[in-house]
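Before any comments, here is the structure.
The values are calculated or read from the model by the stated rules, or taken from the named source; none is laboratory data. Since this is a predicted model, take the numbers as computed values, not measurements. Note that each Cβ is placed from the backbone with ideal geometry, even for glycine, and that neighbours are counted across all protein chains shown. All accessible areas refer to the heavy atoms of the entire protein, side chains included, with ligands and DNA or RNA removed. Shrake-Rupley method; radii C 1.70, N 1.55, O 1.52, S 1.80 Å.
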Amino acid sequence: MKLDTPHLDIPFYQSAGDEIDVFEHAWKNRLPLLIKGPTGCGKTRFVAHMAARLGLPLYTVACHDDLTAADLVGRHLIGDGQTVWCDGPLTRAVREGGICYLDEVVEARKDTTVVLHPLADDRRILPIDRTGELLTAPPSFMLVVSYNPGYQNLLKGMKPSTRQRFVSLRFDFPAAEREEAILVGESGCAADLAKRLVSIAHALRTLKDQDLEEAASTRLLVYAALLVRDGMDPVTACRAAIVESLTDDPEVSDALMEVVSATFGR
């Protein structure tokens, strides 16, 4: 959990369609937003971009199985011989009128996400039972959550009663030309290298659900581009940043490296 304070430098983001327009309209109309898409396709960067664009503080929470309602709302802590209340990231975002972003929200326990319900409908309130407070979210507050539908199952799907409180956006991996522009913008690499890395990613993504559990993400391509820009051999960089991050199986790794080597003429 962290606070990302707004600053003059807006994080780089290459739009794919009308997602910026949808986000801004949702924010202006005080509507919560759900973003769904595969790992590494730009969901978190998009939220950071929009928070900076709107000049709002951003509280990001990486959800997990052990996340409790107290982790979001806050708890009493003992310090200097006395008990003091400490706001959680959700409460701080409400008080400050910022954005609270819950990344991979389906990883959190169901009894934890229920605390979002009164904030995600027209009430826009946050009851804090332990202090007796009832916070009303200011107009600038926005609740944003995301998850990867590829991991969704009967145990970790989002409850309909939660999902239907949100305006939703679907993200996917960028088209080739846009993904190349992202790599150049993020890493400063040459256009030819960006084109080759994207071609590798497209080839590897065809193996999704066959030999690979997860597709090659744009994030991994950026890592590879940064290594090559710093002087690393492209094939070595792709092994370290892409292939070894996708599989632990030596045979699958060798097969992926054949695609890499062919792309770079080795």
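Most mobile of T113, T60, T83 per a Gaussian network model of the chain (Cα springs, under 10 Å)?
Greatest mean-square fluctuation among the candidates belongs to T83.
Between A70 and S15, how high is the FRET efficiency from 1/(1 + (r/R0)^6) when r is the Cβ-Cβ distance and R₀ = 30 Å? Nearest 0.05.
With a Förster radius of 30 Å, E is 0.20.
For the range 1-137, what is the relative contact order in percent, using Cα pairs closer than 8 Å and at least 6 residues apart in sequence?
24 percent
So for the chain: antiparallel DSSP bridges make up what percent, rounded to the nearest 5?
40 percent
Just to confirm the number: angle between the C-alpha axis of helix 191-205 and the first principal axis of the chain, 0 to 90 degrees, nearest 10?
Relative to the chain, helix 191-205 is tipped by roughly 80 degrees.
If you roll a 1.4 angstrom probe over the protein chains with everything in place, what fraction of the accessible area of the chain belongs to carbon and sulfur, to the nearest %?
51 percent
How big is the gap, in Å, between the Cα center of the range 194-254 and the Cα center of the range 20-69?
Measuring centre to centre over Cα atoms gives 27 Å.
Specify the angular offset, from 0 to 90 degrees and rounded to the nearest 10, of the alpha carbon long axis of helix 43-54 from the longest principal axis of the alpha carbons in the chain.
Relative to the chain, helix 43-54 is tipped by roughly 60 degrees.
Can you list the residues of the range 224-266 with backbone N under 16 Å from a point 7 Å past the Cα of S199, pointing along Cα to Cβ?
So the set is 234-235, 238, 257-266.
Could you report the chain's accessible area per residue, 1.4 Å probe, as an integer in Å²?
Value returned for the chain: 49 Å² of accessible area per residue.
FRET efficiency for E24 and S261, Cβ-Cβ distance as r, R0 = 51 Å, nearest 0.05?
Efficiency, rounded to the nearest 0.05: 0.70.
Using a Gaussian network model of the chain with C-alpha springs under 10 Å, which one of A16, A224, A51 is most mobile by mean-square fluctuation?
A16
Cα axis of helix 19-28 to longest principal axis of the chain: angle in degrees, 0 to 90, nearest 10?
The two axes meet at around 10 degrees.
Can you check what the Kirkwood hydrodynamic radius comes to for the chain, Cα pairs only, in Å to one decimal?
By the Kirkwood definition, the hydrodynamic radius is 20.2 Å.
Per 10 Å bin, what percent of the C-alpha pairs of the range 41-126 does each bin hold, from zero upward?
17, 43, 32, 8, 1
With a sphere of radius 12 Å drawn around the Cβ of L77, what net charge do the other residues whose Cβ falls strictly inside it have (Lys, Arg +1; Asp, Glu -1)?
0
Give the aspartates and glutamates whose C-alpha is closer than 16 Å to that of K28, dropping any in the same chain fewer than 8 places away, or say none.
D18, E19, D121, D122
Could you tell me how many cubic angstrom of Cα convex hull volume the range 1-153 has per residue?
Given the Cα convex hull of the range 1-153, per-residue volume reads 122 Å³.
As an exercise, use a Förster radius of 22 Å and the Cβ-Cβ distance of R109 and R163 to find the FRET efficiency, rounded to the nearest 0.05.
Step by step, r from the Cβ atoms, then E = 0.85.
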